[in-house]
1. Over chain B, with a Gaussian network built from C-alpha contacts below 10 Å, which listed residue (B:Gly181, B:Gly15, B:Gly62) shows the highest mean-square fluctuation?
2. How much of the DSSP beta bridge set in the stretch C:53-113 is antiparallel, as a percent to the nearest 5?
3. Please work out how many pairs of lysine residues in chain C are eight or more positions apart (or on different chains) and have Cα atoms closer than 23 angstrom.
4. Would you tell me the mean number of C-beta atoms belonging to other protein chains that fall within 10 Å of each C-beta in C:4-15, as a whole number?
5. Using the Kirkwood radius built from alpha carbon pairs, what does the Stokes-Einstein equation give as D for the protein assembly as shown at 37 °C and 0.692 mPa s, in µm² per second?
6. Taking the mean number of other Cβ atoms within 10 Å as a proxy for protection, how do you rank B:39-45, B:166-172 from highest to lowest?
7. Quick check on packing: order C:121-128, C:230-237 by the mean number of other C-beta atoms within 10 Å, highest mean leading.
8. Average partner chain C-beta neighbours within 10 Å, per residue of C:54-65?
Amino acid sequence: MSLITLLTDFGTKGGYPGIMKGVMLGINESAHIVDITHEIPPFDCIAAAFVLYSAYCFFPPGTIHVIVVDPGVGSEREVIAVKTPKYIFLAPDNGVLSLILNDEPDALAFRITRRELFLPEVSRTFHGRDIFAPIAAHLSKEATIEEIGEPFDAVRCDLIPRPQVLHKQIIGAVIYQDTFGNLITNIQESDLATAKITGNLFITINNTSICGLSSSYSSVPAGQPAALFSSAGFLEIACNQASAAEKLGAGNAASVYIYSKS
Amino acid sequence: MSLITLLTDFGTKGGYPGIMKGVMLGINESAHIVDITHEIPPFDCIAAAFVLYSAYCFFPPGTIHVIVVDPGVGSEREVIAVKTPKYIFLAPDNGVLSLILNDEPDALAFRITRRELFLPEVSRTFHGRDIFAPIAAHLSKEATIEEIGEPFDAVRCDLIPRPQVLHKQIIGAVIYQDTFGNLITNIQESDLATAKITGNLFITINNTSICGLSSSYSSVPAGQPAALFSSAGFLEIACNQASAAEKLGAGNAASVYIYSKS
Amino acid sequence: MSLITLLTDFGTKGGYPGIMKGVMLGINESAHIVDITHEIPPFDCIAAAFVLYSAYCFFPPGTIHVIVVDPGVGSEREVIAVKTPKYIFLAPDNGVLSLILNDEPDALAFRITRRELFLPEVSRTFHGRDIFAPIAAHLSKEATIEEIGEPFDAVRCDLIPRPQVLHKQIIGAVIYQDTFGNLITNIQESDLATAKITGNLFITINNTSICGLSSSYSSVPAGQPAALFSSAGFLEIACNQASAAEKLGAGNAASVYIYSKS
């Protein structure tokens, strides 16, 4: 199988993801292309990093993940390919791979240099079509990452702010708001251990206090807020059958505090 | 062919449908997955039941329809599989199959119990990924429904309110508002015969009266309301080239009255 | 390969594109279907014409492009198929192929007449499902365009207003606003030569003046407006990392003036 995923901020209105698929299928007609999302908020590399991190490992080994959230398109930023034991990632070098690289110590990075594999005419505005799509298609067919680039050791991997992990206290932030209004933070389960917060805890966000962790949305009454570790491993503030963003009046970058009760 | 359809309220923003596809393709690389929609309003099982009903029979025999609109995720609700002569449906047991079951007297229902076919770690928040996707992929490959579940005779099938069908009068309700603002009701063509409404009739909704049925949107002037039986067989209130929801100030649950003129 | 693209104004909420895919896969199980977009603003044939024009030529030869933006569904408008050296286009005859036909002098047009290839029951409201999907699937399999229609020489191709090209001056209009708020006009690069505008120029739109053309969004400071020829070859007014539509208070049909500086 030649599986390629797409994760962009193009939206689906203008046909841009479809155009990328046309280019890829023109190069490799047996490419199997899956959309992760095209609804990343425009230019929001942190959201892209988070959605990618929550999705990538559920695809079969050999999958090529293509990320085009690229505020610097047309500028001098590099296009990079990163190879891990199971996957290849193709992305602009803007930090969007930060969470992947934290988890993948054996990743190898390359900057893409084989211009003759790009579309013959490269625009300044749509590298998704002119560079990312043809490179991904060639990688899905026969080209190796070593053939299309040069080793690159300066990949940006500092995009996601880390929470402050103190003694029995953590200060984090909302990094992503999902479709349901759930607020995903930068706090991971391991941070609790580091802060020596075991058992009972309080979480506060924008004047709302939540006591303890829940195991599911439906373990609190409808409309009530709950804190739980999301399916991607990050602390998430949710409201059962309602939007936490609306109910709590909080969104991206809102501060989230965790205190140990004991 | 191993055709699987997806119908969820996940939206496409967070990558959840893509993740489900990754899981399925990891189990059955030749699965052919088609999105029906991921834009069901959050937790709106009635809308899901309606969209499923309008779509399912246009897919080839053997298709596996996967429905994940699941306000009770993480609670004790069952995950069920329903087998009809042509299709398999996989859904939470919350009534979302009500319209299907009304039409399919020979359907067999099972509750899913083969936990070793789920993803190794089952979250409390994302059964689409952890249960529905792997089960659908196994069903599309070789597993039979009998192997993955136990017969279940208590499937919820009472989700959609039925209209009141009286003598020469029907009192129904809007159950779904589509993309164009068309208002779809729970009144079916057979209800007219039952009410002995033949030929001329009046329809009223929120102080607007519509005289008679139209055969197409464009048979009334632009902007004017029309009543017609939709492509899914339900009475639909529409405005030619405009949103009936906006023009008539009506939406989900609005009452719709039909009176015989004669 | 049997590649079929879909471009509609159906949205993805109601499952209509999925239903079309079900119909197509029931006729040709090896059809490979790619969405260009389903988010054309309802009934906006000009936007559809533009998005199609910017996408079609990036697909491999042999692709069948299906366009269903069809305010006249259910009326007497024809369904047409247009054959160019590389592609087949299937669309209602409402001008949506105007830009294609301008560029393809050797196109052959047919009106679709083989009713026995439609779905057995043709509704008045959903020809995408009942006519376009089965015809596209048959074309992708073995049917030729000559077998399913009759030559038709009255195709509408005058939908897109042409700019006024004067001496050292062009008066054009915004024809499409993309996902990012970029404003795409009906002015093409060749119009500059015709107007004898070389080198330096001014562009004005809704009281904002832009001096000269840019080669990329990022060549102006963040938030500032730039004018550039888009990846589809039309003059585009954009703001670096912001919405030009919002910043300039301009949208569809806004006038755009180009003056020569010298």
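1. Result for chain B, Cα springs under 10 Å: B:Gly15 fluctuates most.
2. If we restrict to bridges inside the stretch C:53-113, about 75 percent are antiparallel.
3. Value for chain C: 9.
4. 6
5. Reported coefficient: 117 µm²/s.
6. B:39-45, B:166-172
7. Result, highest mean Cβ count within 10 Å first: C:230-237, C:121-128.
8. Across C:54-65, the average partner-chain Cβ count within 10 Å equals 4.
The values are calculated or read from the model by the stated rules, or taken from the named source; none is laboratory data. A quick note: this is a predicted structure, and the numbers were derived from the prediction, not measured. FYI the Cβ positions are ideal-geometry reconstructions off the backbone, even for glycines, and counts take in every protein chain you see. These accessible areas exclude ligands, DNA and RNA; they are computed on the full protein's heavy atoms, side chains included. Shrake-Rupley method; radii C 1.70, N 1.55, O 1.52, S 1.80 Å.
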